[in-house]
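Remarks on the structure that follows.
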Amino acid sequence: LILLTSRGSASASEIVAGALQDYGRALIVGDATTFGKGTAQQIFYLSKLPAFSDAAHDPGTLKLTNSKFYRASGASTELRGVAADITLPSLWNESTEIGESNLDNHLPWDVIDSSHYQKVNMVQGLTAELAKRSSERIATNKEFVYLREDIDRMRKQQADKTVSLNEKQQLADRAQIISEHKQREQERAARKTVEPTVYDLTVKLAGEPGLPPATKQTNDVAAAGEDVDLDADTPPSERDDYSDAIVSETEHGEAARLQEAKDILKDYITLMKEQTNKPASLLAK
């Protein structure tokens, strides 16, 4: 199993990812680490307390952090989250705003006694080779080249503690991003891509010989344009082009990460088969 995570993977999804990783049942692929939200809160209605029984107005509520999550290994998911076994390039890896560690009043990471559990170790010994093959693909994948360019731009923006209030400069910066996006789209249009063959497998079909007829891919990355915050004073035509460029590049980057996770899974299956087919004398070594 390949589990694709991001810096936005939080709370319950981190518990699942941590459990699968501890048991050795899955390879965690994605951002360097998940969000790190490893605590639980409880709401207390102050009006129910004796001290506020005679209050003329509703005294409100109090939210208290009263517990933490721990993995089977004993490590907390708080603050550090779940680290990926194989890290993919991502804008969120460089963000100084996303993650529990960037929030006020987070609790410290700690470790308690491990649970008694039996590790399956279905990924043991394969991670290094899988990471090597992934790095080789990423180095030559044009979409990851574009993504690294966007990451470099983001790093510079975060390092720069000033913002120009000059309208011409702001419009010029946006125009450059729009121009780069158009150049990338031209390259993508000229690029010869081979669509993967997709088969819809159901429980019923799994028991029949052979593969069912090929079908269309249905799990493309959805658009996320609603989260883009644009300057309302920017002319509509330029604002739309800028918004389209940001949303489109985000989608291409996420699609590349999703495809790389699939490619890692294919490598994973291949290596597992090679191990299974090795003579017992070689496995002993």
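With Rg and the Kirkwood Rh both taken from Cα atoms, where does Rg over Rh land for the range 42-90? Display every interim value, and only then the final one.
On the way: Rg = 19.7 Å, Rh = 14.7 Å.
Value, to two decimals: 1.34.
Among the trypsin sites (Lys or Arg not before Pro) in the range 243-277, none is located in a DSSP loop while being surrounded by at most 13 other Cβ atoms within 10 Å of its own Cβ.
What GluC sites (Glu not before Pro) does the range 62-114 have in DSSP loop regions with at most 13 other beta carbons within 10 Å?
On the way: sites: 78, 94, 97, 100; in loops: 78, 97.
Loop-located and lightly packed - 97.
For a test of the definition: using alpha carbon positions, the gyration tensor, and the 1.5 limit on a/c, classify the chain as rounded, prolate or oblate. It comes out oblate by the Cα gyration axes.
Heavy-atom accessible area with a 1.4 Å probe sorts 109, 92, largest first, into 92, 109.
Ranked from the most accessible area to the least, with a 1.4 Å probe and all protein chains present, what is the order of 154, 272? Walk me through the numbers before you get to the answer.
Working: 154 35, 272 60 Å².
In descending accessible area the options line up as 272, 154.
Over the chain, DSSP H runs of length four or greater, each weighted -39,500 (n - 2.57), average out per residue to a 222 nm ellipticity of -14000 deg cm²/dmol. The range 35-95 and the range 112-155 have their alpha-carbon centroids 28 Å apart.
What is the ratio of the Cα radius of gyration of the range 1-123 to 2.2 N^0.38 Å, where N is its residue count, to two decimals? Its radius of gyration relative to the 2.2 N^0.38 Å reference: 1.33. For the range 58-186, carbon and sulfur atoms together expose 50% of the accessible surface, with a 1.4 angstrom probe and every protein chain in place.
If R0 equals 41 Å, the separation of the Cβ atoms of residue 113 and residue 217 corresponds to a calculated FRET efficiency of about 0.35.
What does the accessible area per residue of the chain come to in Å², with a 1.4 Å probe and no ligands, DNA or RNA counted?
Counting only protein heavy atoms, the per-residue value for the chain is 66 Å².
In the assembled protein chains, residue 203 presents an accessible area of approximately 140 Å² (probe radius 1.4 Å).
The values are calculated or read from the model by the stated rules, or taken from the named source; none is laboratory data. Computed from a predicted model, the values in this text were never measured in an experiment. Backbone-built Cβ (ideal geometry, glycine too); neighbour counts: all protein chains shown. For the accessible areas, the whole protein counts, side chains as well, though only heavy atoms, and no ligand, DNA or RNA atoms are used. Shrake-Rupley method; radii C 1.70, N 1.55, O 1.52, S 1.80 Å.
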